[in-house]
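Colleague: Take this structure first; my questions come after.
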Amino acid sequence: MSGALLSRRPAVRVTGLRRAYGPRVIIDRLDLVIGRGEFVALLGESGCGKTTLLRALAGLDPIDGGSIEAPGRPAVVFQEHRLLPWDSLWRNVALGLNAAGARQKAGAALAEVGLSGRLDDWPRNLSGGQAQRVALARALVQEPELLLLDEPFAALDALTRIHMHGLVKALVARHRPGVMLVTHDVDEAIALADRILVMRGGAIAAEHCSPEPGAPAASRAQLLAELGVAHDPAAA
Amino acid sequence: MSQVETVTPFVLSRSDPAPGTLARPRRRAARLGGRGLFLLSWAVPVALLAVWEFLARQGYVTPQVLPAPSKVLATAVKLTISGSLLSDLGTSLLRAAIGFVIGGSIAFALGVLVGFSRIAEALLDRSVQMVRAIPFLALLPLVIVWFGVGEGQKIFLVALGVAFPIYINTTLGIRQVDPKLLELGRVQGLSTFTLIRRIVLPGALPSILTGVRYSLATAWLALVVAETLGAEAGIGFLAMDAREFLRTDVVVLTIVIYALIGVAADSAARLLERRLLAWHPNFGGTGR
């Protein structure tokens with residue numbers, strides 16, 4: 001699936017990316033291409049550079065070498081919802097949109113995440129899962145070609161997380177942005193991604209493509225082994 | 001005699017020989033209920049006023065020292081009817097308003113600049129902080145040399161008093177804006193102007209409004225001081241003029257008016273907080 005998509009102009013093309021804090025090299029000569037409509041999960045233990053990569057792609061941090069080519073501005077959903085507490089939901093979703101038709105667009109985006117009719121409600125009245133859905137609507141209303149998800153479900157409870165997985169999958173299927181999901185949850189990566197990358201020491205250590213659309217890209221045991229958690233009893 | 005009566009509630013053991021634990025007065029408060037406690041809290045000032053009235057009427061306190069509250073009230077009515085009270089009040093309020101707008105807007109602009117730009121901070125902040133170390137009323141002799149004792153001196157002093165609380169709270173508020181929200185603004189592609197309007201200023205608003213509340217108090221203080229020096233109109237002039245003729249009833253009236261306006265200004269600032277910070281859990285009610 002990803003092969004066909006890659007033939008078109010990709011959502012992002014990273015070549016020889018390097019990022020260092022002083023003498024400490026976080027990302028070294030990293031290459032990555034994400035196609036339109038492709039869902040890539042980036043796994044790795046903390047400190048492996050996966051969030052650094054996401055921040056570089058988002059344009060939040062400068063890069064020290066290599067290049068990042070992306071057709072437009074990527075949209076980001078962070079681990080925290082980062083809603084503006086002083087703005088109503090529709091104004092939150094419309095943040096960064098042009099004024100013309102912003103309310104309508106925001107309303108449609110809110111409806112897509114199951115919050116129709118809540119345009120004039122306030123962030124403080126939302127549960128954690130609802131707030132994260134608004135953050136998702138805020139990202140998608142920008143019609144991004146690249147959607148960056150920085151552990152957006154990590155702070156949610158297990159049931160809400162499963163609901164969110166279904167929602168994200170459906171929305172990505174409809175809008176077809178390229179997606180990079182940074183996570184440390186192996187099951188989440190398997191459930192959502194067409195392609196799973198395992199990052200270690202600032203480079204991509206392993207890559208798994210799903211053999212056919214909808215099929216898991218890799219087995220749990222395999223991924224856990226690559227992450228260095230070989231003795232997990234569930235994997236045995 | 002009445003003094004003895006007011007003391008009795010504290011002598012708990014008189015009717016209750018068992019030595020009271022700490023819970024006992026608490027239980028008594030519970031029996032009174034919120035309404036009872038509210039009434040009790042007003043009983044003391046009312047009683048004090050009554051005692052004052054009684055002492056003044058009986059001639060224990062001469063009117064030159066402290067006139068009876070009823071006399072002050074009568075003077076207030078008389079001066080209101082003649083119109084002089086309202087015109088002096090208007091003069092004072094106008095001075096306060098002009099000084100507040102001038103001092104407040106300059107301080108706000110500087111605060112935004114310094115809150116935002118490290119360069120502006122390096123250029124301005126230390127000097128402002130050094131000037132701030134001076135109690136602004138200590139500048140009064142110098143201000144009189146510069147402006148004389150006309151309107152300029154009064155407005156300048158109010159503006160000066162207003163400026164520091166607003167400056168400090170504006171810079172503080174801007175610094176305290178959640179960096180994660182600023183990052184979000186960048187991710188959403190906001191221009192600098194939009195970033196300020198949609199994220200920085202709303203985020204700094206609670207702190208800025210705290211500054212406004214403080215500055216209203218200092219504005220009022222500055223005005224009282226400024227007006228007692230060579231004013232030709234205004235509440236302060238009324239007080240100084242009355243002092244010449246030993247009209248302590250008018251003097252007390254002006255003091256009460258200063259107090260009332262201080263309370264009114266504070267309520268206005270609180271109202272502003274409730275309206276503008278409806279989203280904030282510490283200020284707003286529920287929902288909107």
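Taken together, the values in this text are just the output of simple stated rules run on the coordinates, not laboratory data. Computed from a predicted structure; not experimentally measured. Quick reminder, even Gly has a Cβ in these numbers, built from the backbone with ideal geometry, and neighbours come from all protein chains shown.
Colleague: Residue separation times 0.36 nm, minus the C-alpha to C-alpha distance between residue B:48 and residue B:278: what's the value?
Modeller: Taking 0.36 nm per residue and subtracting the Cα distance, the gain is 78.9 nm.
Colleague: Apply the a/c threshold of 1.5 to the C-alpha gyration tensor of segment B:17-170 and tell me whether it is rounded, prolate or oblate.
Modeller: It is oblate, given that a/c is not under 1.5 and a/b is not larger than b/c.
Colleague: Using each residue's phi in segment A:50-67, evaluate 6.51 cos²θ - 1.76 cosθ + 1.60 at θ = phi - 60° and report the 3J(HN,Hα) Karplus result to the nearest Hz, with x for Gly and Pro.
Modeller: So the J values, rounded to whole Hz, are 5, 6, 4, 4, 4, 5, 5, 5, 6, x, 7, 10, x, 10, 9, x, x, 9.
Colleague: Additional query: From the helices alone, meaning DSSP H stretches of at least four residues, give me the mean residue ellipticity at 222 nm for the protein assembly as shown, per-run term -39500 (n - 2.57), in deg cm²/dmol to the nearest 500.
Modeller: -17500 deg cm²/dmol
Colleague: Nearest 10 degrees is fine. How inclined is helix B:235-244 to the longest principal axis of chain B, computing both from alpha carbons?
Modeller: Roughly 40 degrees between the two axes.
Colleague: For A:199, B:240, B:130, A:164, which order do you get if you count the other beta carbons within 10 Å of each Cβ and list the fewest first?
Modeller: B:130, B:240, A:164, A:199
Colleague: Taking only Cα atoms and a 10 Å spring cutoff, compute GNM fluctuations for chain A and point out the largest among A:24, A:103, A:73.
Modeller: Result: A:24 has the largest fluctuation of those listed.
Colleague: Here's something else I'd like to know. I need the calculated FRET efficiency for the pair residue B:132 and residue B:97, taking r as the beta carbon distance and R₀ as 22 Å, to the nearest 0.05.
Modeller: It comes out at approximately 0.40.
Colleague: Taking only C-alpha pairs under 8 Å that are 6+ residues apart, what is the relative contact order of segment A:1-94 in percent?
Modeller: Result for segment A:1-94 is 30 percent.
Colleague: Per 0.36 nm of contour for each residue apart, how much would the distance between residue A:24 and residue A:159 grow if the chain were fully extended, relative to their Cα-Cα spacing?
Modeller: The span from residue A:24 to residue A:159 would gain 44.7 nm if fully extended.
Colleague: Another one. I need the shape label for segment B:31-121. Rule: rounded when a/c is under 1.5, else prolate if a/b > b/c, else oblate, with a, b, c from the alpha carbon gyration tensor.
Modeller: Note, shape of segment B:31-121 comes out oblate.
Colleague: Further question: Would you tell me the mean number of C-beta atoms belonging to other protein chains that fall within 10 Å of each C-beta in A:79-86, as a whole number?
Modeller: 6
Colleague: Still on this structure: Taking the Cα centre of segment B:140-288 as origin, work out the dipole magnitude from +1 charges on Lys and Arg Cβ and -1 charges on Asp and Glu Cβ, in debye rounded to 20.
Modeller: It comes to approximately 860 debye.
Colleague: Dipole of the protein assembly as shown (Lys/Arg Cβ +1, Asp/Glu Cβ -1, origin at the Cα centre): which of B:217, A:42, A:166 lies farthest to the positive side?
Modeller: Projecting each Cα onto the dipole axis, the largest value belongs to B:217.
Colleague: Compare the Cα positions of A:26, A:79, A:136 along the charge dipole of segment A:21-176 (+1 at Cβ of Lys, Arg; -1 at Cβ of Asp, Glu; about the Cα centre) and return the one farthest towards the positive end.
Modeller: Farthest along the dipole direction, towards plus: A:136.
Colleague: Given H placed 1.01 Å from N in the peptide plane, which residues other than close sequence neighbours of residue A:206 have an amide H under 5 Å from its amide H?
Modeller: So residue A:206 has HN proximity to A:198.
Colleague: Can I ask one more? Computed FRET efficiency, Cβ-Cβ of residue A:143 and residue B:123, R0 51 Å: what is it to the nearest 0.05?
Modeller: About 0.75, to the nearest 0.05.
Colleague: Looking only at segment B:185-206, which residues have a backbone nitrogen under 20 Å from a spot 7 Å from the Cα of residue A:99 in the C-beta direction?
Modeller: Zone members listed by number: B:189-202.
Colleague: Output wanted: per-residue J couplings in Hz (rounded whole) for segment A:209-221, from phi through Karplus 6.51 cos²θ - 1.76 cosθ + 1.60, θ = phi - 60°, x for Gly and Pro.
Modeller: These are the phi-based 3J(HN,Hα) values: 9, 6, x, 8, x, x, 7, x, 7, 7, 8, 4, 4 Hz.
Colleague: Still on this structure: Given the options A:150, A:120, A:194, which has the most mean-square fluctuation in a GNM of chain A, springs set between C-alpha atoms less than 10 angstrom apart?
Modeller: A:120
Colleague: Highest GNM mean-square fluctuation, chain B, Cα pairs closer than 10 Å: which of B:61, B:101, B:158?
Modeller: For chain B, modelled as a Gaussian network with Cα springs under 10 Å, the answer is B:61.
Colleague: Okay, next question. What's the average, rounded to a whole number, of partner chain beta-carbon atoms within 10 Å of each residue's beta-carbon in B:175-184?
Modeller: Per-residue shielding by partner chains comes out at 3.
Colleague: Below 11 angstrom from the Cβ of residue B:96, what's the summed charge of the other residues (Lys, Arg +1; Asp, Glu -1)?
Modeller: Charge balance in the 11 Å sphere: +1.
Colleague: Compute the helix-to-body angle for A:128-140: its Cα long axis versus the longest principal axis of chain A, expressed 0 to 90° and rounded to tens.
Modeller: 90
Colleague: Sticking with this structure for a sec: Which value, to two decimals, describes the C-alpha radius of gyration of segment B:213-280 once divided by 2.2 N^0.38 Å?
Modeller: Its radius of gyration relative to the 2.2 N^0.38 Å reference: 1.39.
Colleague: Sort chain B into rounded, prolate or oblate with this rule: let a ≥ b ≥ c be the square roots of the eigenvalues of the Cα gyration tensor; rounded if a/c is under 1.5, and if a/c is not under 1.5, prolate when a/b is larger than b/c, oblate otherwise.
Modeller: Taking the square roots of the gyration eigenvalues as a ≥ b ≥ c, chain B is oblate.
Colleague: Still on this model: How large is the translational diffusion coefficient of the protein assembly as shown in µm² per second when you combine the Kirkwood radius over alpha carbon pairs with Stokes-Einstein at 20 °C and 1.002 mPa s?
Modeller: D, rounded to a whole number, is 74 µm²/s.
Colleague: Which whole-number percentage describes the relative contact order of chain A, with Cα contacts under 8 Å and a sequence gap of 6 or more?
Modeller: Answer for chain A is 26 percent.
Colleague: How big is D, in µm² s⁻¹, for segment A:70-193 by Stokes-Einstein at 37 °C and 0.692 mPa s if Rh is the Kirkwood radius over C-alpha pairs?
Modeller: Using the Kirkwood radius from Cα pairs, D works out to 227 µm²/s.
Colleague: For segment A:116-209, give the magnitude of the charge dipole about the Cα centre (Cβ charges: +1 Lys/Arg, -1 Asp/Glu; no others), in debye to the nearest 20.
Modeller: 180
Colleague: To continue, here is another question. Sort out for me the Cα centre separation of segment A:168-219 from segment B:230-244, rounded to whole Å.
Modeller: Cα centroid to Cα centroid, the span is 80 Å.
Colleague: Same structure again: For the Cα atoms of chain A, what angle does the longest principal axis make with the long axis of helix A:158-175, in degrees from 0 to 90, nearest 10?
Modeller: Once rounded, the angle reads 80 degrees.
Colleague: A follow-up question, please. Rg to Rh ratio, segment B:92-189, alpha-carbon atoms and Kirkwood radius?
Modeller: That ratio is 1.11, to two decimals.
Colleague: Before anything else, pin down the relative contact order of segment B:58-201: Cα pairs under 8 Å, at least 6 apart, normalised by residue count, whole percent.
Modeller: Computed value for segment B:58-201: 29 percent relative contact order.
Colleague: If you don't mind, another one. Once you charge only the Cβ atoms, +1 for Lys and Arg and -1 for Asp and Glu, what is the size of the charge dipole of the protein assembly as shown about its Cα centre, to the nearest 20 debye?
Modeller: Roughly 760 debye for the protein assembly as shown.
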